[in-house]
Amino acid sequence: MADLTCAALPDRALLSLGGDEAAGFLDALVSNNVTGLEPGQAAYAALLSPQGKFLHDFFVTPDPHKSGLLLDVAAERLADLQRRLTLYRLRAKVTIAPVDGVRCYALFGGAAPSVAGILFNDPRLTQMGWRLWLPEQAEPPLPLAGPAAYDAHRIALGVPDGLRDIEIDKGLLLENHFEALNGVDFRKGCYIGQELTARTKYRGLVKKQLYRVQGAQPLPPAGTPIMANGQEVGQLRSVSGSIGLALLRLDATSQDLDVAGIALQAARPDYAGPIPEAKT
């Protein structure tokens, strides 16, 4: 594991969906198929508003200790996700509760680790590595890098973080490459917000998407407008030094871009494929 990096992710938390009906209950609500997962597997999924706007993203993996699922979520939004899932529970025999006493780590950049704990592949991209959950008293398998190391790795690959890069109740899945990142299944049954997501895909309605951007000097904070020919054409999202992610108008990505006076080079993430074409 010499080339493997282990980064602590203190901003993540686990939410337990317990019971034999957990997978079916969640599958009816979220953008991806979360049924039939085996231990060590995970799915990436989102919960949307009825209008199809982004609310939460998370990883879903089987609970190795009991019947049900574990959701790897943004810690600061766990309570909101728990509340929303509880509203949808109705008569489903599912328990919904945070998991205490655990810590999250990202492992990336080397060979597959052999460690105890809850370990699963990051289902978005192979290069993203693995997620590892350990009891808080357990030692991580390697000396720790900080969250900034993980963010630099993620941003270099052009992978969004739901908490930092997608506006709550405004963002769309296909603006943020959820299909390319294995986060939406267009063959599954209905789920909340499906209509807008499907219409965006099949009518070619995507007008802006997430791009990787780079400047010759450190970039300003997230939220700074990106300009082209004196007009705002996007907004900076996550930043790591001189690289970052930005939501850009697709018709402006080939123009000369700048943010706070810093010239930018924009590139589609390697995994994202060509610009989606509008359909008549």
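The values are calculated or read from the model by the stated rules, or taken from the named source; none is laboratory data. In this text, all values refer to a predicted model and were calculated from it rather than measured experimentally. Heads up, the Cβs are rebuilt from the backbone with ideal geometry, glycines too, and the neighbour counts pull from every protein chain shown.
General observations
- Unmet criterion (only one of (1) surrounded by 16 or more Cβ atoms within 10 Å (Cβ to Cβ); (2) out of contact with any Lys or Arg (no Cβ under 8 Å at 6 or more places or on another chain); (3) at pLDDT 95 or above) for Glu167: (1)
- In region 78-107, of all residues being of a type in the set (Lys, Arg) and touching a Leu at 6+ places or on another chain (Cβ under 7 Å), the one that is nearest to Gln127 (Cα to Cα) corresponds to Arg103.
- Annotation note: Cβ proximity below 9 Å between a residue of region 94-113 that is buried (at least 19 other Cβ atoms within 10 Å of the Cβ) and a residue that is aromatic (Phe, Trp, Tyr) and part of a strand (DSSP E or B) (sequence gap 6+ or interchain) occurs for Arg103/Trp133; Cys104/Trp133; Tyr105/Trp130; Tyr105/Trp133; Ala106/Trp130; Leu107/Trp130; Phe108/Trp130.
- Top-ranked residue of region 1-31 - restricted to ones that are out of contact with any Cys (no Cβ under 8 Å at 6 or more places or on another chain) and more than 24 Å from Arg103 (Cα to Cα), ranked as surrounded by the fewest Cβ atoms within 10 Å (Cβ to Cβ): Asp20
- When restricted to residues that are touching a strand residue (DSSP E or B) at 6+ places or on another chain (Cβ under 8 Å) and either assigned to a loop (DSSP other than H, G, I, E, B) or loosely packed, with under 15 Cβ neighbours inside 10 Å (or both), region 125-137 contains 3.
- Top-ranked residue in region 114-124 [being of a type outside the set (S, T, N, Q) and surrounded by fewer than 19 Cβ atoms within 10 Å (Cβ to Cβ); ranked as farthest from Ala23 (Cα to Cα)]: Val115
- Residue match in region 55-65 (condition: modelled with pLDDT under 95 and on the phi < 0 side of the Ramachandran plot): yes
- Note on region 53-91: among residues that are touching a helix residue (DSSP H, G or I) at 6+ places or on another chain (Cβ under 6 Å) and more than 15 Å from Gly162 (Cα to Cα), the one that is surrounded by the most Cβ atoms within 10 Å (Cβ to Cβ) is Leu69.
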